[in-house]
Amino acid sequence: MADQPTSARAVVIGGGIIGCSTAYHLAKLGWTDTVLIERHKLTSGSTFHAAGLVGQLRTSANITQLLGYSVELYRTLEAETGLSTGWKMNGGLRLACNDERWNEVKRQATTAKSFGLEMHLLSAKEAQDLWPLMTVDDVVGAAFLPTDGQANPSDITMALARGARMAGATIVEDTEVLGVDVVDGVIKAVITEHGRIECERVICCAGQWTRAFATTVGVNVPLVSVEHQYIITAQLDGGVPRDLPTLRDPDRLTYYKEEVGGLVMGGYEPNPVPWAVGGIPKPFTFQLLESDFDHFAPIMELAMGRVPALQTAGVNELINGPESFTPDGNFILGEAPELKNFFVGAGFNAFGIAAGGGAGMALAEWVHKGVAPYDLWVVDIRRFGRSHQDTDWVRTRTLEAYAKHYTMAWPSEEHASGRPSRTSPLYPRLLAAGACFGEKLGWERPNWFADASLGEEPRDAYTYGRQNWFAAVGREHRATREAAAIFDQTSFAKFAMKGPDALAALNWICANNVDKPVGSLTYTQMLDDRGGIQCDLTVGRVGIDEYYVVTGTGFATHDFDWIERNIPAGMNAQLFDITSASSVLSLFGPNARAILSAVTRADISNDAFPFGTMQTIGIAGCPVRALRITYVGELGWELHVPVEYATAVYDTILTAGADHGLVNAGYRAIESLRLEKGYRAWGSDIGPDHTPFESGLGWAVKLKTAIDFKGRASMETQARDGVRKLLAAFTVDPDVVLLGRETIYRDGERVGWLTSGGFGYTIDRSIGYGYVRHPDRVTAAYVLDGTYELEVATERVPAEVSLKPLYDPTMSKIKI
Ligand SMILES: Cc1cc2nc3c(=O)[nH]c(=O)nc-3n(C[C@H](O)[C@H](O)[C@H](O)COP(=O)(O)OP(=O)(O)OC[C@H]3O[C@@H](n4cnc5c(N)ncnc54)[C@H](O)[C@@H]3O)c2cc1C
């Protein structure tokens, strides 16, 4: 192996599949002065003991694309490097053993179609023909993905390492990285047991060691180690065909692959065992944990029911390997918000071999260009926040995610563990009022309110059909449209931007013009250089040199990071996270003005307090920052209240609202209201892969001014040349349940998939949003000229298209 160099442009820490893939892709991008440092030998962490299944289908189009990239790479890697990889494209089977699972599988088949991945639905008999070793008495049906496969994890990693070296990277083994030298927030060098490597960028791919290592430079990586077991059998009587597809049997929590005439069988227990709670022992290389036959027994039992040959098969080994898992079951990629130029690729939840090729590619591009190659929000390190600092909380939630690996992935499913964690001051009141809470970034948020007098209980009962909260959300929806509702939105992320250059900095970062009078509110996107929407938020002008920024709960870390890192060098503007300082009570509905005027002396008439402005008004002795905006399409105010006043303000409003039909309402009503009104949701309808012109938000881009802003050049090009996709609204029969990811057909041709799906109670239609794509150009006329169908769980239903809000506030009886 190479000697340790004294300088490099990038240092990759860790020689598992992720580090090797990242070094490979960096070198291919021209970063030939990349050095990979491995403490012991390549693959000696989790990689050497992986089972090697490579599946592709995920709920996100882009992660499916990323896994598809892995498959493409693994197909050709052996020819490129001359090292065998054990890659076999023998396909993957997934079984469904009850009607709800079959519904899930059918929806997955439609998702696969949406994302361009080949997937076939099979009868139980057809599945058995492909996998003769199994019984299928309880099988309702199966899905088959012909391009899934399996690989030898160590061989693939060695081939990636050789490819990296061939492209110019240096790999150093038997060398531990001891720390990173950071001076005034700037990475200067990596310190190893053999000395110092001056470098600009560090990419930490240290597997389950990543959390502890990253902590030394103040970076939070929420992952913990969990034991994961699989058996390797002796050759089975009659043998196992070499081309046997991989098999996933989620209702029996198990997976299988062929291995030298026998089987590998592993599973996800409902009671996972955390490992190294007090820290990973040293040394720990090429090591396995003690086989835990007792713990594996229930999995074995389930497997023997599916594959009778296992009852008599010899077991060569029960592998017990530790692997890093995360609180939401997805891996962690990207530049750390806490430290510039420190990148992370870790927490692979037992699909690091499947993800390795694509994750290394994406991470290398991220290092190279400073942004992800496409929207990777679901795996972005900035999706985490304050709750994820506490390792015990991370472990609790991660064990829940592990246990749910193969359970039904229900629409709108909430986590149960580690709750309640962050609560609004109104929490006890809302609980008493029948709130059924959901959780986001640790915050308890009311999703809907059960009415005990109707026999409702505040508990979600999940299904792929209409759920138990459907009627309750409908009541809240109608109250918002016809009377008034109050929503606790305390969890909104809130920032203050201050300083003499606050205006100049924000006007550079925002696509809309925020140079407006004090008291103005501006709805704006923040774009990257490609015009992709990195943030979608509201900016209020508090003073000449002060702004108030409000964004979604889940985007607190991400949006703060984006704004802060894009303040131009030399500008005097500081950003503060003030989320915890205030509660937000949103009072929406045609009666909102009548209710508010009963509790404040401020003039809140339309002339004195127009839409798109904010004022400080008094309510119950509290200075309330009232923002006249709406995400539901009705008259209303967001009332931002210092937390210590929240209960007094809430009680006062509730009392005043009694005569005006005021009700408590939750986030599921907000969702249905916003779908009718056509408000876009970042993370689904809009994101880095979409520009304002593509998503119908071109009106919020300040191209008519001479003000320069980030992304302006791309926006000018699109304004001139047009776009290749446009976001449109679709409505279908109210009995059809839309969830998102359904396929869109225009005149019989597949043109995209739904980014959001839900129900509109006022219009009594199911609603979906999605991009209509065409490789040349898409215009409004092109969208509106088509005849549409949506494929829902493999069945096509007719759909109507619209580029306008489906609900117009003028439909409301009372004018706003
Ligand atoms: C039992 C089991 C079965 C699995 N089966 C599958 C499967 O079928 N399909 C699939 O896709 N995935 C599977 N996985 C998951 C897969 O093994 C992992 O996701 C993957 O190997 C993670 O790779 P990595 O590079 O992130 O981590 P690792 O392979 O652990 O690599 C991290 C490396 O960093 C090094 N390191 C740490 N700290 C330092 C330091 N300070 N200085 C230098 N080096 C350092 C370590 O020595 C280690 O080599 C399985 C996992 C287990 C446990």
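The values are calculated or read from the model by the stated rules, or taken from the named source; none is laboratory data. The shown structure was predicted, so the numbers you read here are calculated from the model rather than taken from an experiment. No Cβ is skipped: glycine too gets one built from the backbone with ideal geometry, and neighbour counts run over all protein chains shown. All accessible areas refer to the heavy atoms of the entire protein, side chains included, with ligands and DNA or RNA removed. Shrake-Rupley method; radii C 1.70, N 1.55, O 1.52, S 1.80 Å.
Might you let me know whether region 621-636 holds any residue that is more than 19 Å from Thr480 (Cβ to Cβ), open to solvent by 10 Å² or more (accessible area, probe 1.4 Å) and assigned to a strand (DSSP E or B)? Working first, answer last.
Step one: filter region 621-636 for residues more than 19 Å from Thr480 (Cβ to Cβ), giving 621-625.
Now narrow it down to the ones that are open to solvent by 10 Å² or more (accessible area, probe 1.4 Å): 621, 623, 625.
Add one more test, that the residue is assigned to a strand (DSSP E or B), and what stays is 623, 625.
Looking through region 621-636, at least one residue is more than 19 Å from Thr480 (Cβ to Cβ), open to solvent by 10 Å² or more (accessible area, probe 1.4 Å) and assigned to a strand (DSSP E or B).
Could you tell me whether any residue of region 38-57 is at negative phi, charged (D, E, K, R) and more than 11 Å from the ligand (Cβ to nearest atom)?
No: region 38-57 contains no residue that is at negative phi, charged (D, E, K, R) and more than 11 Å from the ligand (Cβ to nearest atom).
Those residues that are among the charged types (D, E, K, R), touching a residue at least 40 places away in the same chain (Cβ under 8 Å) and open to solvent by 50 Å² or more (accessible area, probe 1.4 Å), I need them from region 293-331; list them, please.
Let us first name the residues in region 293-331 that are among the charged types (D, E, K, R), namely 294, 301, 306, 317, 323, 328.
The next check asks that each one be touching a residue at least 40 places away in the same chain (Cβ under 8 Å); those that pass are 306, 317, 323, 328.
Correct list: Glu317, Asp328.
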Name the residues in region 1-34 that are buried (at least 24 other Cβ atoms within 10 Å of the Cβ), outside any helix (DSSP H, G or I) and of a type in the set (Val, Ile, Thr), would you?
-> Val11, Val12, Ile13, Thr34
Among the residues of region 221-244, the number that are within 14 Å of the ligand (Cβ to nearest atom), more than 30 Å from Asp390 (Cβ to Cβ) and either open to solvent by 10 Å² or more (accessible area, probe 1.4 Å) or not in a strand (DSSP E or B) (or both) is 2
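May I ask you to say which residue of Arg680, Arg668 is open to solvent by 10 Å² or more (accessible area, probe 1.4 Å), in contact (Cβ under 8 Å) with a residue 24 or more places away in the chain and part of a helix (DSSP H, G or I)?
Values: Arg680 fails: part of a helix (DSSP H, G or I).
Answer to the selection: Arg668.
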Within region 165-193, can you find the residues that are in contact (Cβ under 8 Å) with a residue 60 or more places away in the chain, open to solvent by 10 Å² or more (accessible area, probe 1.4 Å) and within 11 Å of the ligand (Cβ to nearest atom)?
-> Glu173, Asp174, Glu176, Val177, Val180
Taking region 485-531 and keeping only residues that are open to solvent by 10 Å² or more (accessible area, probe 1.4 Å) and part of a strand (DSSP E or B), one is left with Asp488, Lys498, Ser520, Leu521, Tyr523
Restrict the check to region 643-665 and report whether at least one residue is on the phi > 0 side of the Ramachandran plot, under 27 Å from the mean Cα position of the chain (by Cα) and surrounded by 19 or more Cβ atoms within 10 Å (Cβ to Cβ).
-> no
With respect to the numbered conditions (1) at pLDDT 95 or above; (2) closer than 30 Å to Thr110 by Cα; (3) touching a Ser or Thr at 6+ places or on another chain (Cβ under 9 Å), which one is the sole condition not fulfilled by Thr47?
-> (2)
In region 332-349, anything part of a loop (DSSP other than H, G, I, E, B) and either buried (at least 24 other Cβ atoms within 10 Å of the Cβ) or touching a Ser or Thr at 6+ places or on another chain (Cβ under 8 Å) (or both) is listed as Pro337, Gly347, Phe348, Asn349
Report, by residue number, each residue of region 46-56 that is open to solvent by 20 Å² or more (accessible area, probe 1.4 Å) and assigned to a loop (DSSP other than H, G, I, E, B).
-> Ser46, Ala50
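Within region 561-598, which residues are among the β-branched types (Val, Ile, Thr) and part of a strand (DSSP E or B)?
Going residue by residue through region 561-598, those that are among the β-branched types (Val, Ile, Thr) are 563, 567, 578-579, 584, 595.
Within region 561-598, just Val584 meets the criteria.
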Of a type in the set (A, V, I, L, M, F, W, C), at pLDDT 95 or above, touching a Ser or Thr at 6+ places or on another chain (Cβ under 9 Å) and closer than 19 Å to Phe351 by Cβ: does that describe Cys199?
-> no
Return the residue satisfying two criteria in turn: it lies in region 532-549 and is open to solvent by 10 Å² or more (accessible area, probe 1.4 Å) and among the hydrophobic types (A, V, I, L, M, F, W, C), and of such residues it is nearest to Ser491 (Cα to Cα).
-> Val542
Mind listing whichever residues of region 49-80 are in contact with a Phe, Trp or Tyr (Cβ under 6 Å, 6 or more places away or on another chain) and farther than 26 Å from Gly116 by Cα?
-> Ala51
If Ala212 passes every condition in (1) near the ligand (Cβ under 9 Å from one of its atoms); (2) closer than 16 Å to His40 by Cα but one, which one does it miss?
-> (2)
